[in-house]
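*Asks:* Take this structure, written in structure tokens, and hold onto it; I'll ask about it next.
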Amino acid sequence: MVARFKTMVGETRALAKLVVEGGPGGTGSFPVVKHLTVIGRDTASADVLVEDPLVSRRHARIAWDGAGYVLEDLASTNGTTVNGEPLVGARRLEPGDRIGVGAISVVFEQGGGAVRPEPVPDDRATRALRIPQSFSSVPSRQVLDSVAATNARLGHENLGFLSEERGFTPATPPPLELPPAYAAWDEIAARLPELWRSITVRPALRDLPVLDAGEEALPDECLLRASVIISMLAHSYHRISAEPPRLPMPDGVQQPWEQISRRLDRLAPHLSYSDLILCNWKLKDPNCGDPFGLDNLELLVSTVDNQEENVLYLMQVEAHYEMGPLLGAIVRCQEAALRDDTEALKRDLISITEAIQQFGTKTFMALNPNPYSDTFVDPVVWAKTVAPFAVPIAEGTVGPSGVGAPAFHMLDTFFGRHAYDTHLGKEMLQMRSWYPQHWRDFFDALGEVSVADHVERIADPVLEGIYKEAAIAYAGDGGFLTQHKIKAYGYLDLAFKVGRSVTIGGFSGSFADRVWDLAVDELTRSHEERERALPRPGHPAAITEVELVNPDGDPDKTVTRVVFDVTGTGMRYAPGDRCAVLPENRPALVDRTLTALRATGSEEVILTGEWRDAVDLRVGHEGTTTLPLRTLLRFGHIRPVGRETAKILHAASHNGRLRRIIESRAEDQWELWDLLEMLTAAGFDPKRLWKVHPGQAEHICRVVPMESFRMYSISSTMDPQSLDGAEELTLTVGRLQYETDDTALSAAHHRFGTASSFLGSPAAVDGETRTDVSLRVVHPPRFGLPADPTTPIVMFAGGTGIAPFRSFVHERAAHDSGGENWLFVGSRTRHELLYRAELESAVAQGRLQVRAAFSRDPVEIRFEPEGDGGGFRFEPGEARHIGDEILRDDNAEMLWRMLRSRADGGEGAHFYVCGRTGFAGSVMTALEAVVDRFDEGPDDGREERVRSVLYRLVGEERYLQDIFTTYTGSHIDAATTIPASEVVVRNNPDDGYWMVIDGRVYDMNTFGHLHPGGFKIIQAYAGMDGTAAYRKVLHHVNPEVDSMLGMYELGVVRRLHFGQEWGTVVAPDGLRSMSLADAYRAWIRFLYRVVEMENALQQDYGLKDQTIIGDDDPTAFPPIKFQYLLETHDRFMVNYLAGTTGDALEDLWAVTSGFCTSDRDVRWMATELARIRDGEEADTIRRLSGEIQRRIDDIVERGADTDDPTAKLLREYCDLLHAEDRRYLAEVKAALRRGVMVFEELERDTIRSGGHRLMAAIEGVPRILADYHSRLLSGVVSLWLDHPT
Amino acid sequence: MNGRGQTQVKDVMTVRTARIRHNSNLQHAAELVAMSNVSDLMVVDDDDGFCGVLSEGDILRTALPDIDQILDEGGSLGDAFRIFVDKGRALSDLPITSLVIDEPLIVDPDDHVARAATVLLDRQIRLLPVVKDGTLVGTVSRADLCRAIVGTL
């Protein structure tokens, strides 16, 4: 076995073991891995158990003193010997020393020294010597066993929950109440939500009696419940308001908190993960079939008790219960590694993978930002009411953030994470020292054995593959942690915009700092830190078969079934999974490109860092730092030409035609070779690309980016029981080809797609050219078959979109459990009805119903049974599209039945759509029409109601799409252009919601509701450029999201042409020249920033109509709501008002006045704003918050109800603040928009013909600020007059 | 500035500037560079419309041999020099079009000299075309500015 022995601080400890020989128990060896190894007869405390009456309960111990191992007799009755001599006190052990304890003799071995154990020269050798289970076990098992013994002895789990079955959760449910003497604590805990609602937490806690939580008074078995209550009271005392309390923590909380913390051996009082999550639940129905499901859990102590708090905390409880068995599997993996039991190791690694995937696709999904989901967690409500609560109170303590979840620590350790240098990494390490003792021991023990090293040593490719899948399921690309990051982004983004600017991890800052981006960057960094310990993704596989599946179809649109031999890779997949393939370019294209480069292909190219990382993924090229040019072109993206490539080539060639091509976005009409030929004809030297130094801009590694993985749905199934994984993997690949025209901006050529040519051509199986391909299985979080096999499924396949459904049909036919299976196919002709024979056989068996529409083939399809089989028959009919088929009366009726949930009298079927963007759009439109046809409600609000049926379907995760785009040669200038000034107004319900991503404009009105991440995060970026956020959540590399978005594309953002126009501005360091394009960018950026503020403000004030406490009516107005709304206004003052009238505005003034005039003081804006800010009105407005706060305090103190005159006044205040704050941002936005419109209208003539309008736009901003102050002030005055309180 | 009127680009620019027709070849360009002793030629169309700038550096770079060519010819410095000359000769018929920077930074004759100075320094260029309504009216160089400005202070 391979084991690393480490001390707590990570330094390597010498390898040592005890070898026992003789006796009826046989021979055994026992690694010395702990600081302290006790030899003795006591089953609970001895590490080496010796069943011999001559041995004392705790007989002797071996301790590591930093330099070596020291043996010490623990005052045993019969003494200890070393090499036959009685041991007196302690003695340093040397390799080969023979330790005699009772009847047995143990040889101490250390390092690699081969010390042969000697037979026990003792006449008492016949006595019983039992080598306990722990004797040949791994450290993690020893900890588990000793914890079990300790907990049994103590009768409580105060040292930490830890067991093989229950993981990190308590073995017995937390007690529901404390002894009667502590009734005051139970009572106040139950009243917490009410105290939050009325903001009376602080006075109530000051009245709490001081109860003794010492050993004598509070029994051990109640300690954890007391800890939950007291620590949540402590946090409530602080977090009830953004304002820290003026008085210190009341003794009634502080004293017991300290006592409890001491008794639990904590470093300092804090709200721990156990307090908030693991120990804070009860079962609604203990006899429920799935007792730890979210539905059956309830919090014991809650603060605001809303859906957000409940789902967030209880989801984590459920997760830790579900991952309980994972702990056992991980320990068993280490044991299997120790025993060299590869079969057992495989089995447990597979179960680890499955458990992680299950968590990712089910439990974690419960935390759902989609409002149509049952477990909707509203990001805004969460950010305000839940997220700030657990932020540590005392500096230097830790909080129960995600970093605190012990399951992550376990998985990190198991998968060999060694680096903890990032912010979050350090936080994790720090967290460990705050953990209960049992957890600390367990993680230390877990780190002693490296399964990864064992897997590497065994060198069994299947085992390696299985390990790889497990590690990647957790921390790899697309694994659980990626999913976690994507979800976290949506919540963090909004949390920083509307929350209280802090997370448990401690990020804080203002709007302009974009702290939410920083926080997610931190997640990315810690993710990368983990990835370093991971095996490279990708398995080698060879194409063994390529078969045309539409032999009678259009020869220009061939579809092939491509079979890979994946035997011995350990790869596993389930129906709905996808396969990522790294494509290569065909030799003919590489040759043509080499000719264009005037190169032979044998030139060695030094790779850039990015290329080195990419080449690492290519089988047989791992760790390569140079490549022959030919190979580089084989692996590189050389068609169609990308935008970045075109720009680099333009910078190197100054070619005018290329510049016009780029301006028209027509670069994708070219392939690298013909673009190079064009440039060379005009005098460019193509050799420069491979001759310049690697660092230079036009180096070939930059001109040619590496090809990326292409995603295909898997069309085959595998036996999930097989330990060795899949043997074969099938893809369905449509060959892509298209024509480009001979125009000023493009050349006439017949073009092919890279990946489909690579996979779908017979040359790929030709023995000589057959190459190993890198494959990777991707498990999408949503696209699997329903967990319940009796649930019907309805599949819609467009063309090659049948790919995943081939495996669906196989799987569902193989395990016939009654669920109906419907398949709708849309294709051009009957000859493109792919996998026809297989479909016919499934239909004949009664396992499938097929409906098909052929858009260019006027036939109807009908199934005709024949004996045991049968086949499709085609009869003359009409050419139809998929929508027509869906709306056929019988189909529509069936679909309506399938659409409705079981509760609504329907079948609750799962719907799957796989096809191109247009196909997916048609299916959705047609299904809407189905709902519309059967909707019996009034005409009023019909459209909305019909839509919401589909939105709910998505929210319930019953409508699952796998959409792809097939590039067919873009159509130059065909897209509608939309000016940015048109986009910025689309961020509200009246004007709709649009967003810009990568230069394209999308209509988010419908998509926002279909977005798995919910509408609010879409709204946060509406009316602006959301590219950065889109990229942060990796949507740009996730073709399904990209493609889905294609359904809602409106056009491209109009690009403005400023030529080389430039101006001069007064900058902090003197005179500077600036391009007009940069001046425009300054304007549009500022404008987008204001739009983003508008979006955040809208979400922030949106809390007015949302439930904050318990299941209050959303329109209820408890005092806490006033408090939150006042905080919103404060944020407006601090972030938005200051952010729109600070440095950014002054800079914009400097730029604009420099371009447009030569007689304006660069300081004018600053002076003007200062004058307004120093005015009396501004001062009064600043004091307004204090005034409102006093009134809130007043109603809190008096316990006033909603009819109270002050409460009524406060409501009007809130409306006033909301209206005026919103109006201010709207006016600033309008002013900036006027400026941007001047640029749009005049482009390069902006300054010459529109300078005065630009100046007018920016000069008006101080006026907007002054007007805001006046309006707000007069509003306040009239409220005072109306409500003389 | 002072009242002597030397504050606009048109006051300090060089009017007699080296121009070349857009349809010329490289030989003509090389001769013009040699004769006029300027680093950049102003490219104009048949109606004196401004087309762009051709820099001597870009012309020279086209003639420089690459390592393969040098090795093919013998590998010595002498060989390299010979290729340079031969290549240069061979280039003579090549149209200048592909070497023309067709959208360079320009300055207006009515612009203030400080504006021209700023951009010349910020962008590290030596010669700016002065263009009015699409027509080349002159050039302004760092030297022009020094002469005019320092003299007026």
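The values are calculated or read from the model by the stated rules, or taken from the named source; none is laboratory data. All values derive from a computational prediction rather than experimental measurement. We place every Cβ from the backbone using ideal geometry, glycine too, and count neighbours over all the protein chains shown.
*Asks:* Please go through (1) in contact with a helix residue (DSSP H, G or I) (Cβ under 9 Å, 6 or more places away or on another chain); (2) more than 27 Å from A:ARG1131 (Cα to Cα); (3) of a type in the set (Asp, Glu) for A:GLU1197 and return the number of the only condition it doesn't satisfy.
*Replies:* Of everything listed in (1) in contact with a helix residue (DSSP H, G or I) (Cβ under 9 Å, 6 or more places away or on another chain); (2) more than 27 Å from A:ARG1131 (Cα to Cα); (3) of a type in the set (Asp, Glu), A:GLU1197 misses just condition (2).
*Asks:* Looking at the range A:383-396, is at least one residue surrounded by fewer than 20 Cβ atoms within 10 Å (Cβ to Cβ) and among the basic types (Lys, Arg)?
*Replies:* no
*Asks:* Can you pull out the residues in the range A:582-602 that are under 24 Å from A:SER774 (Cα atoms) and modelled with pLDDT of 90 or more?
*Replies:* Residues satisfying the conditions are A:LEU589, A:VAL590, A:ASP591, A:THR593, A:GLY601, A:SER602.
*Asks:* Then there's this: For the range B:119-131: of the residues being surrounded by fewer than 17 Cβ atoms within 10 Å (Cβ to Cβ) and in contact with a strand residue (DSSP E or B) (Cβ under 9 Å, 6 or more places away or on another chain), which is nearest to the other protein chains (Cβ to nearest Cβ)?
*Replies:* So the first thing to find is which residues in the range B:119-131 are surrounded by fewer than 17 Cβ atoms within 10 Å (Cβ to Cβ), and the list is B:121-124, B:126.
From what's left, in contact with a strand residue (DSSP E or B) (Cβ under 9 Å, 6 or more places away or on another chain): B:121-123, B:126.
On the way: B:LEU121: 8, B:ASP122: 4, B:ARG123: 7, B:ARG126: 15 Å.
Across the range B:119-131, the extreme among qualifying residues is B:ASP122.
*Asks:* Can you give me the number of residues within the range A:1179-1192 that are over 15 Å from A:SER1270 (Cα atoms) and more than 41 Å from the chain's Cα centre (by Cα)? So that I can check it myself, show each step before the final result.
*Replies:* Initially, the range A:1179-1192 is screened for residues over 15 Å from A:SER1270 (Cα atoms), giving A:1185-1192.
Among the residues that remain, those that are also more than 41 Å from the chain's Cα centre (by Cα) are: A:1187, A:1190-1191.
Selection size over the range A:1179-1192: 3.
*Asks:* Give me the residue from the range A:602-659 that is surrounded by fewer than 17 Cβ atoms within 10 Å (Cβ to Cβ), free of Cβ contacts under 8 Å to residues at least 60 places away in the same chain and assigned to a loop (DSSP other than H, G, I, E, B) and, out of that set, farthest from the other protein chains (Cβ to nearest Cβ).
*Replies:* Among those residues, the one meeting the criterion is A:GLY623.
*Asks:* Ok, one more. All but one of (1) at pLDDT 85 or above; (2) over 28 Å from the mean Cα position of the chain (by Cα) hold for A:TYR738; which doesn't?
*Replies:* Result: A:TYR738 fails condition (1) only.
*Asks:* Follow-up. In this structure, does A:SER1278 turn out to be more than 30 Å from B:ASP133 (Cβ to Cβ), assigned to a helix (DSSP H, G or I) and among the hydroxyl-bearing types (Ser, Thr, Tyr)? If you could, list the steps in order and put the result at the bottom.
*Replies:* Values: more than 30 Å from B:ASP133 (Cβ to Cβ): yes; assigned to a helix (DSSP H, G or I): yes; among the hydroxyl-bearing types (Ser, Thr, Tyr): yes.
So A:SER1278 passes the test.
*Asks:* Identify the residue in the range A:677-701 that is crowded, with 17+ Cβ neighbours inside 10 Å and away from chain B (no Cβ under 14 Å) and, among all such residues, is farthest from B:LEU60 (Cα to Cα).
*Replies:* Applying the filter and picking the extreme gives A:CYS701.
*Asks:* Could you please find all residues in the range A:175-192 being crowded, with 19+ Cβ neighbours inside 10 Å and either free of Cβ contacts under 8 Å to residues at least 24 places away in the same chain or closer than 30 Å to A:LYS384 by Cα (or both)?
*Replies:* A:TRP185, A:ASP186, A:ILE188, A:ALA189, A:LEU192
*Asks:* Considering each residue of the range A:1143-1158, count those that are touching a residue at least 24 places away in the same chain (Cβ under 8 Å) and surrounded by fewer than 19 Cβ atoms within 10 Å (Cβ to Cβ), and give that number. Spell out the reasoning first.
*Replies:* Quick first cut of the range A:1143-1158, residues touching a residue at least 24 places away in the same chain (Cβ under 8 Å) only: A:1144-1145, A:1147-1157.
The next check asks that each one be surrounded by fewer than 19 Cβ atoms within 10 Å (Cβ to Cβ); those that pass are A:1144, A:1147, A:1157.
Going through the range A:1143-1158 one residue at a time, the tally reaches 3.
One line per residue, one yes/no per condition, for (1) within 15 Å of B:LYS87 (Cβ to Cβ); (2) in contact with a Cys (Cβ under 9 Å, 6 or more places away or on another chain); (3) away from chain A (no Cβ under 14 Å):
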| residue | (1), (2), (3) |
| --- | --- |
| B:THR17 | no, no, yes |
| B:VAL33 | no, no, yes |
| B:VAL38 | no, no, yes |
| B:PHE50 | no, no, no |
| B:ARG61 | yes, no, no |
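*Asks:* Determine whether A:ALA596 is of a type outside the set (Phe, Trp, Tyr), in contact with an Asp or Glu (Cβ under 8 Å, 6 or more places away or on another chain), more than 14 Å from every other protein chain (Cβ to nearest Cβ) and closer than 24 Å to B:LEU94 by Cβ.
*Replies:* On the way: of a type outside the set (Phe, Trp, Tyr): yes; in contact with an Asp or Glu (Cβ under 8 Å, 6 or more places away or on another chain): yes; more than 14 Å from every other protein chain (Cβ to nearest Cβ): yes; closer than 24 Å to B:LEU94 by Cβ: yes.
For A:ALA596, the condition - of a type outside the set (Phe, Trp, Tyr), in contact with an Asp or Glu (Cβ under 8 Å, 6 or more places away or on another chain), more than 14 Å from every other protein chain (Cβ to nearest Cβ) and closer than 24 Å to B:LEU94 by Cβ - is met.
*Asks:* Follow-up. Just to check your reading of the model, which residue among A:ASP668, A:ASP674 is in contact with a Gly (Cβ under 9 Å, 6 or more places away or on another chain), touching a residue at least 12 places away in the same chain (Cβ under 8 Å) and either aliphatic (A, V, I, L, M) or away from every other protein chain (no Cβ under 14 Å) (or both)?
*Replies:* Among A:ASP668, A:ASP674, only A:ASP668 is in contact with a Gly (Cβ under 9 Å, 6 or more places away or on another chain), touching a residue at least 12 places away in the same chain (Cβ under 8 Å) and either aliphatic (A, V, I, L, M) or away from every other protein chain (no Cβ under 14 Å) (or both).
*Asks:* Moving to a separate point now. Quick check on A:VAL549: is it surrounded by 17 or more Cβ atoms within 10 Å (Cβ to Cβ) and without any contact (Cβ under 8 Å) to a residue 60 or more places away in the chain?
*Replies:* On the way: surrounded by 17 or more Cβ atoms within 10 Å (Cβ to Cβ): yes; without any contact (Cβ under 8 Å) to a residue 60 or more places away in the chain: no.
Criteria not met by A:VAL549.
*Asks:* Another one. Take the residues in the range B:76-118 that are of a type in the set (Gly, Ala, Ser) and more than 26 Å from B:CYS51 (Cβ to Cβ); name whichever of them is farthest from the other protein chains (Cβ to nearest Cβ).
*Replies:* Narrowing the range B:76-118 to residues of a type in the set (Gly, Ala, Ser): B:76, B:78, B:80, B:88, B:90, B:92, B:98, B:114, B:116-117.
Subsequent filtering for residues that are more than 26 Å from B:CYS51 (Cβ to Cβ) retains B:76, B:78, B:80, B:114.
Values: B:SER76: 20, B:GLY78: 22, B:ALA80: 15, B:ALA114: 6 Å.
Ranking the qualifying residues of the range B:76-118, first place goes to B:GLY78.
*Asks:* Looking only at the range A:1052-1075, which residues are touching a strand residue (DSSP E or B) at 6+ places or on another chain (Cβ under 8 Å), more than 11 Å from every other protein chain (Cβ to nearest Cβ) and modelled with pLDDT of 90 or more?
*Replies:* Residues satisfying the conditions are A:VAL1053, A:ARG1054.
*Asks:* Anything in the range A:1196-1207 that is in a helix (DSSP H, G or I) and under 43 Å from the mean Cα position of the chain (by Cα)? List them, or say none. Give the derivation first.
*Replies:* Residues of the range A:1196-1207 in a helix (DSSP H, G or I): A:1196-1198, A:1205-1207.
Within the range A:1196-1207, A:VAL1196, A:ALA1207 qualify.
*Asks:* Quick check: anything in the range A:715-728 surrounded by 17 or more Cβ atoms within 10 Å (Cβ to Cβ), away from chain B (no Cβ under 14 Å) and outside any loop (DSSP other than H, G, I, E, B)?
*Replies:* no
*Asks:* Could I ask something else about it? Would you pick out the residues in the range A:530-546 that are acidic (Asp, Glu) and either buried (at least 17 other Cβ atoms within 10 Å of the Cβ) or farther than 16 Å from A:LEU759 by Cα (or both)?
*Replies:* Initially, the range A:530-546 is screened for residues acidic (Asp, Glu), giving A:531, A:545.
The one that is acidic (Asp, Glu) and either buried (at least 17 other Cβ atoms within 10 Å of the Cβ) or farther than 16 Å from A:LEU759 by Cα (or both): A:GLU531.
*Asks:* Out of curiosity, is A:ASP1161 surrounded by fewer than 21 Cβ atoms within 10 Å (Cβ to Cβ), over 32 Å from the mean Cα position of the chain (by Cα), outside any helix (DSSP H, G or I) and not small (Gly, Ala, Ser)?
*Replies:* Details: surrounded by fewer than 21 Cβ atoms within 10 Å (Cβ to Cβ): yes; over 32 Å from the mean Cα position of the chain (by Cα): yes; outside any helix (DSSP H, G or I): yes; not small (Gly, Ala, Ser): yes.
Considered against the rule, which asks whether it is surrounded by fewer than 21 Cβ atoms within 10 Å (Cβ to Cβ), over 32 Å from the mean Cα position of the chain (by Cα), outside any helix (DSSP H, G or I) and not small (Gly, Ala, Ser), A:ASP1161 comes out as yes.
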